Each structure stands twice: as structure tokens, then as C-alpha cells.
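Inspection log for the structure reproduced underneath, given as C-alpha cells.
Any read-out appearing in this document is the output of simple, stated calculations on the displayed coordinates, not a laboratory observation. Keep in mind that this is a model prediction, so the values were computed, not measured. Virtual Cβ from ideal backbone geometry, glycine too; neighbours counted across all protein chains shown.
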There are 2 protein chains.
Amino acid sequence: MPKTYSLAIHGGAGTIMRSEMAADKEEAHRQALLKALKAGEIILRAGGSALDAVEAAVCSLEDCEYFNAGKGAVFTHDGTHEMDASIMCGRRVDAGAAAMVKGVKNPISLARRILDVSEHVMLCGPGARMFAREQGLEEAGPDYFYSEYRFQQLQEARARGRAQLDHSQKYGTVGAVACDRQGHLAAATSTGGLTNKKYGRIGDSPIIGAGTYANDLTCAVSCTGYGEYFLRGVVAYDLSCLMEYRGMSLEEAAHHAIHHRQLALGGDGGLIAVDANGNIALPFNSEGMYRAWVKEGEEARVGIYKE
Amino acid sequence: MPKTYSLAIHGGAGTIMRSEMAADKEEAHRQALLKALKAGEIILRAGGSALDAVEAAVCSLEDCEYFNAGKGAVFTHDGTHEMDASIMCGRRVDAGAAAMVKGVKNPISLARRILDVSEHVMLCGPGARMFAREQGLEEAGPDYFYSEYRFQQLQEARARGRAQLDHSQKYGTVGAVACDRQGHLAAATSTGGLTNKKYGRIGDSPIIGAGTYANDLTCAVSCTGYGEYFLRGVVAYDLSCLMEYRGMSLEEAAHHAIHHRQLALGGDGGLIAVDANGNIALPFNSEGMYRAWVKEGEEARVGIYKE
């Protein structure tokens, strides 16, 4: 018997205050989230795979300048854009990840190609770019990634002399998790990293187990937050282990991972997760998290702040 | 009451056959393993930290041309050496990792410096090299890493037109895990990756949770094997979760991670692990694994094949 699908996306977590958000800006973010959700839902409604759905949803978020991934990626210290992305298929328990990639329009599609075509899981830097080119993925130059807003953020960060999160305390990573009608799960995460980042810093987004994990037996997870804490906590796989080894429900495990484990380490952020029964969890311990979610037969919903 | 220390190291796993190993070569490997073990044990015996001990042991293995890490690192497709390393402190549950690093004599000391000094967990490529230089870490040129033996391996791999494991089916990663007299744990892993590797491929060695993990509450783990399977299995953290969430002993969890989880995925390799009670586990599902281990008050032991 076919199951019902479910899909959740995020556009980053952090200090997102209702009091500081202009009404038109808030509405624009809501519409962008709904558009990305729809891009994934169309695939699931047509009987497509969770893997295709999360890739499509994240591509939509990458193409939107509001979020720190793809087109909206922040500037590095050197004034370039270095992006990280990963995707995991819960059916095959297999993954693809790309780190420190420049000039690729949709890093999540590069991660997908690594999953599908490469014998490797993770490719990095100029080598990953070369693989993207051989695979015919769309490239994009500095003009595509440039925005006055991000450039100002870089100047401010440089003036303070340190790497910083997108928009002070906002972690602009994007991600998607889905369960399709066959009960297969998938997760995807994509980011531009930290404004003014140096030394080739990599966060949790391209790391399988930390920022992204999917396994049909348990759940699909995409994280957003201060990457270093999610790396130390191996957060995405921790959630899966809490379900598999301790028997927690998705809701319990997601709550525990964010509100107990991450808070104990000092980590700030959130995650989105689905299980094979279509349950959705969207916990965060920051002020807000851009998010949208839908279950088959139900209305799509959008959230930004704590409800 | 102070605990007794324990230390284990590995020099890679794979198809290491007694029938194909010359007696003098075998003895040279045994001596190199004992030397590295001693480099770590001296620190533990003097009351030093597990973190210092695993760094010292891995430095010794990196300085030995027999193993695929540091001086003995294999050649990439482009005829260079790109090395990955990671280290984790079980007391702080904090880590440092360096990926795709060229020209640094001891990548594990770079990982240690990232742990101690950087606000980040993972640095990669030229940026990581720049950080190493700013920190005054010893550099080494192509001559230092060159060996006729490794160069021949590259020619053979190029002729076959694919990336391959060190010495056909030998995974020459090195690693160390330790428990010190204060009951603190640490783990370290270092590798030269795959001979003839392209596209900036990164395996499990620099990935916290996959190749390396340490937490005083559970265990310290360093993995060796076909990296892609260890990435997909998030093996090092899986072992920790089997202990924390399922209540397995170190021995049970290590056995389960290698002989059930990894075999189910198709992954070949092994790991070394210690817990805070000084227990040591050294499971592998390949033909052999270069390994040595010692507990306070006991004789040091060395193994290569299945016993």
C-alpha cells in the first residue's frame, strides 16, 4: 500500500526577531519558502522520489538570493564564494557531498551527481569543480553570486576582523528532507558558509552524519546552525541513532538532539527531519528558523519565529 | 584514584597476507609499529594526556615511509601528495581536522593546532596550509614525500586508469586511540588517501564521526578501510552510540560496527578503540590490520594478520 508523502525545508536558523523584520521582507521570505516547497512537492505528488524532491527544493532555495546558498552565498575573506552541499539517499544509505566549490550554480546538483555517478562520496575544491564541468553542470561567474547586500556584510565582517555568521547571528544554510510514497527518505543541505571565512573552513553542511543524514530505517535530517557544534555533535546521525538504538520517536529524538545534546555543547541552531511514516519534526533552539512543510492531503505551512 | 592508561595504534587494514609478506619486511613493520606505540606510551607513563599521546604516536607513523600518511603518503593523480588528518579530545568533545593539505610534514599536528587554536573544526586545502604556516608548523617539499615505491604505484594505477587503494587492497591510513590515567580519551587518524585520486576526493579520515571520534563518556575510535563505506556508515560515532544508547560494551560495539554494520554496507576495513576503563578493541573484517597496543603494566603487543 503506498504511503503518503511528506516534505520539509529550511532556510536557516538564528536570531530572527519578529520585531526587527519588516512586513514586506517577511512576506518575501514566506513566498520564497513556499515556492521551494512546491518545487519539491510537485515531484512527490507525481509519485517521484524523495531524492529528486529534496534536490529540487534545495535548487529553488539556492536560486533565491535571500538564503545563504547558491546565488545568495556569502563572501569569503578573499571576496569569493565557496559553497558546500551534501545529499543522502535513505534507500541506498549512500551519499554525495561537495565542499569548497566555486562557480557551480547549484552545488546540491553537484552533490547529487557525485552520489549517482562518482565512486566517491565527497569531492572538494578545484577537483570537485572539474568533476562538475565534466558532468556538464551549469556554471556561474562572480556576477551571478554578487549582491550589494552580501558585499556590505563582508566589509562589516572585515572591519571587525573575524569570520561571522550570515547577518550577525543568522545561519543561512538551506536544506530539505522528504519521504516519498514508496516510503523512501532523502535529505539535502547546501550553504555558502560564513561571511569572511578564511583558511578553507568547512562546516557541518557537507559532512554526512553531521549536517545531513538519511536512512529509510530511521529518518532523514538536515541541520542548520553554528557548524562547529554540529560537527562535534555528529547531530544528524545522532538523531538516527536515538531512534534506532534507543527507540525514540522522530519527535523525541529531534527534540533531544537539539534541546539537550546541542545545548549541552553550547550549539545554536535547528534541524528538519522526517521519518518513513511521514512524521515531521522541526526543532530549533535559536530565536527563529525559516521553514516550510507539507504532508500529502494537508495545507502547506510556513514558519519563521517560535510559534 | 588514578586509572591505568591504555593505547592502541593502527597502520592500515586490507589484504595483508602472511604468505606474501617477506620476513624482513614484516619485522620492519613490527618495529615501526612498536616505535610509534612507544612514542605515545612514554607520554602516558609520565602522566601526560591521551591527546598528546595519540598525536605523538601518529606523528611517528607519519614519519615512517611504510605507512600511507605523512612521509609515506601515496601520490594523487596529479603526482602530488594531498593528506587528510583529524584528532578529537574526548574530555572537551572537541575536534580538529585538516583535509587536502599539501606540504605539511605532520598533518596530525596541524589537526591538533586547529583543535587548540582555531575557532573552527575543519580546514581544507590551501587555506589549511596557510593556517599551518601561520602557526609555524614544519613544512616539507616534494622530495620529502617522494619514494620510488609510491611513484611506481601511481604509474600502475594510471595505467589501469583509476584511483586505487594503497598496495592493491591495503588501506594505509594510520591512527591512534588512548585513555590516560585521568580517564580522558582521545583519537587521531591520518592518511594520504588513494593512489591516483582525482577530483579532490576526501575519505573518512578527516571526518569527525566517520573516521575519528572521541568522547570520555563512551570511547575513542580511529578507523581504516575503504573510506566511502566508513563515511556512509558514520562508523566511529556509530560505535559510540551503540555504547551510549544501546548499552553495549566497547568490545560488543566495535564488533557490531565492523562485522555487522560495515559488512552489511559492503565495507572493508577495521578500527581501533578504547574506553575509559582501559579496554581495547581492534576488530577488522579484512585479511589483516597493522596494529599494536599496550595497557599499563602489560607487555606491548603487535599484530598484522588474523590471529
- Message: Suppose the chain between A:Phe151 and A:Ser249 were pulled fully straight at 0.36 nm per residue; how much longer would it get relative to their current alpha carbon spacing?
- Response: 31.0 nm
- Item | Cysteines without a disulfide-compatible partner [chain A; Cβ-Cβ under 4.7 Å] | A:Cys59, A:Cys64, A:Cys89, A:Cys124, A:Cys179, A:Cys219, A:Cys223
- Among A:Cys241, A:Cys64, A:Ala210 - extreme Cα towards positive end, dipole of chain A, charges at beta-carbon: A:Ala210
- For the A:Arg158, A:Gln182 Cβ pair and Förster radius 60 Å, calculated FRET efficiency rounded to 0.05 is 0.75
- Note on the structure: Here FRET efficiency (C-beta to C-beta, B:His259 to A:Arg301, R₀ 45 Å, nearest 0.05) is 0.50
- What percent antiparallel are the DSSP beta bridges of the protein assembly as shown, to the nearest 5? 95 percent
- Task: Quickly work out the B:Leu217-to-A:Asn277 label distance, labels modelled 7 Å from Cα along the C-beta direction, and quote it in nm with one decimal.
- Result: 2.6 nm
- Expressed in nm², what is the orientationally averaged projection area of the convex hull enclosing the Cα positions of the stretch A:213-300? 5.6 nm²
- Query: Say a label goes 7 Å from Cα toward Cβ at A:Ala159 in every copy; what distances in nm does this one have to the rest, shortest first?
  - Reply: 6.3
- Task: Mind checking B:222-231 for the average number of partner chain beta-carbons within 10 Å of each residue's beta-carbon?
- Result: 2
- Note on the structure: Mean other chain Cβ within 10 Å across A:209-218 is 3
- Message: Using a label point 7 Å beyond Cα on the Cα-Cβ vector, give me the inter-copy distances for A:Arg30 in nanometres, one decimal, shortest first.
- Response: 7.4
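Which semi-axis lengths, in whole Å and largest first, follow from the square roots of five times the eigenvalues of the Cα gyration tensor of the stretch A:106-160? Mind showing how you got there, number by number?
Values: eigenvalues 175, 34, 16 Å².
One finds semi-axes of 30, 13, 9 Å for the stretch A:106-160.
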- Using only C-alpha positions, report the orientation-averaged shadow area of the convex hull of the stretch A:20-173, nm², one decimal. 10.2 nm²
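Count the DSSP beta bridges whose two residues both fall in the stretch A:6-305, then state the antiparallel fraction as a percent rounded to the nearest 5.
Of those bridges, close to 95 percent are antiparallel.
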- Message: Neighbour counts of other C-beta atoms within 10 Å: give me B:Glu287, A:Glu299 arranged from fewest to most.
- Response: A:Glu299, B:Glu287
- Using the Kirkwood formula over every pair of different C-alpha atoms, what hydrodynamic radius in Å results for the protein assembly as shown? 23.7 Å
- If we sort B:213-223, B:137-147, A:126-136, B:191-201 on the protection proxy, mean other Cβ atoms within 10 Å, highest first, what's the order? B:213-223, B:191-201, A:126-136, B:137-147
- Query: If we hang a label 7 Å off Cα along the beta carbon direction at A:Glu65, how far is it from the matching labels on the other copies, in nm, shortest first?
  - Reply: 5.8
- Query: So who's got an amide H within less than 5 Å of the one on A:His120, skipping anything under 5 residues away but keeping other chains? H placed 1.01 Å off N, in plane.
  - Reply: none
- At each listed q (0.07, 0.11, 0.15 Å⁻¹), what is the log10 of I(q)/I(0) that the Debye formula gives for chain B modelled as equal alpha-carbon point scatterers? -0.22, -0.56, -1.08
